[in-house]
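Enquirer: The structure is given below, and queries will be raised subsequently.
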Amino acid sequence: METSALLLLALAGVAFLYASVGHAGASGYIAVLALSGFAAAEIRPLALVLNVLVSSLASWNFAAAGHFRREVFLPLALFSVPAALVGGMVSLPTLPLQRLLGLVLLFSAWRLSQPSQPAEVSPAVPGRVTVSLTGGVLGGLAGITGTGGGIFLTPLMILRGWLVPRQAAAVSAAFILVNSLAGLAGLVMARGSAALPAAGVVGPMALAVMVAGGLGAHCGSRRFPSLWIRRLLAVVLLVASGKLLGWLG
């Protein structure tokens, strides 16, 4: 399918907005690509490839700014990566699951739009078992839905008081990167290398999201106040919930 300037601009806008909160934009890319007429079989691998590129930039920016929490990321990744790999190999009717997740994200967006909670001042990470199980569940969802899972992880960490917004963004960016790679690997294992998008199709998209995503990650990790991060995240969740609930195609 032809890659238009309007499509590239829309993908770039998604990448900037999502990367500013430590996300990579998969749910937004899925919505844009679906509205642009791409076939369902093309959308999932395209979204995952773009996710890998933008989450790499977001991970680097937030980590370089000193927000990364390795002790939270490692137990999350330990269980999420194999779960995302298995999820990427699964092809199931996911409409009921998507609708439920869309409602969860809609509720999270509303909660994040409320005044900051005291837990943001004194974050408290739960035990490793809780963190690891959370990683497993969200990794599986990431693989099945063709996203990196950060769209679920970041609001959970902020609303539960695990981490402050920038720390949550830093952990989520790395979480999205490893899960997107695992989901893409699972997709290739299930469908073969033919599942990967053609270079001529993904190339212009990759350039657009990397430029915009790199700028967004820089602003989110160093420039935007924490309150902005919360409110931008609420907007991101509204976009994602709109896609999952069928409002955006």
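Enquirer: Name the pairs whose Cβ atoms lie under 9 Å apart, with the first residue in segment 144-173 and on the phi > 0 side of the Ramachandran plot, the second among the charged types (D, E, K, R) and part of a helix (DSSP H, G or I), and 6 or more positions between them or separate chains?
Expert: The qualifying pairs are GLY146/ARG44; GLY161/GLU120.
Enquirer: Can you give me the number of residues within segment 179-207 that are surrounded by fewer than 17 Cβ atoms within 10 Å (Cβ to Cβ) and either within 19 Å of PHE68 (Cβ to Cβ) or of a type in the set (S, T, N, Q) (or both)?
Expert: Looking only at that region, the number is 1.
Enquirer: Let me confirm something: among ILE176, ILE151, ILE158, which residue is β-branched (Val, Ile, Thr), crowded, with 23+ Cβ neighbours inside 10 Å, more than 14 Å from VAL81 (Cβ to Cβ) and modelled with pLDDT of 90 or more?
Expert: Numbers: ILE176 fails: more than 14 Å from VAL81 (Cβ to Cβ); ILE151 fails: modelled with pLDDT of 90 or more.
Only one candidate qualifies: ILE158.
Enquirer: Of the conditions (1) assigned to a loop (DSSP other than H, G, I, E, B); (2) over 20 Å from LEU8 (Cβ atoms), LEU181 fails just one. Which one is it?
Expert: (1)
Enquirer: What do you reckon, is GLY140 in contact with a helix residue (DSSP H, G or I) (Cβ under 8 Å, 6 or more places away or on another chain), within 18 Å of LEU57 (Cα to Cα) and in contact (Cβ under 8 Å) with a residue 12 or more places away in the chain? Don't jump to the end; show me each part of the working.
Expert: Details: in contact with a helix residue (DSSP H, G or I) (Cβ under 8 Å, 6 or more places away or on another chain): yes; within 18 Å of LEU57 (Cα to Cα): no; in contact (Cβ under 8 Å) with a residue 12 or more places away in the chain: yes.
Considered against the rule, which asks whether it is in contact with a helix residue (DSSP H, G or I) (Cβ under 8 Å, 6 or more places away or on another chain), within 18 Å of LEU57 (Cα to Cα) and in contact (Cβ under 8 Å) with a residue 12 or more places away in the chain, GLY140 comes out as no.
Enquirer: Please go through segment 128-148 and give me each residue that is farther than 16 Å from SER172 by Cα, at pLDDT below 90 and either among the hydrophobic types (A, V, I, L, M, F, W, C) or assigned to a loop (DSSP other than H, G, I, E, B) (or both), ordered by number.
Expert: Residue satisfying the conditions is ILE144 alone.
Enquirer: Working carefully through the options LEU105, LEU57, find the one that is under 14 Å from the mean Cα position of the chain (by Cα), farther than 18 Å from ALA185 by Cβ and at pLDDT 85 or above. Steps first, please.
Expert: Working: LEU105 fails: at pLDDT 85 or above.
LEU57 is the lone residue from the list that is under 14 Å from the mean Cα position of the chain (by Cα), farther than 18 Å from ALA185 by Cβ and at pLDDT 85 or above.
The values are calculated or read from the model by the stated rules, or taken from the named source; none is laboratory data. The model shown is predicted, which means the values in this text are computed figures rather than measured ones. FYI the Cβ positions are ideal-geometry reconstructions off the backbone, even for glycines, and counts take in every protein chain you see.
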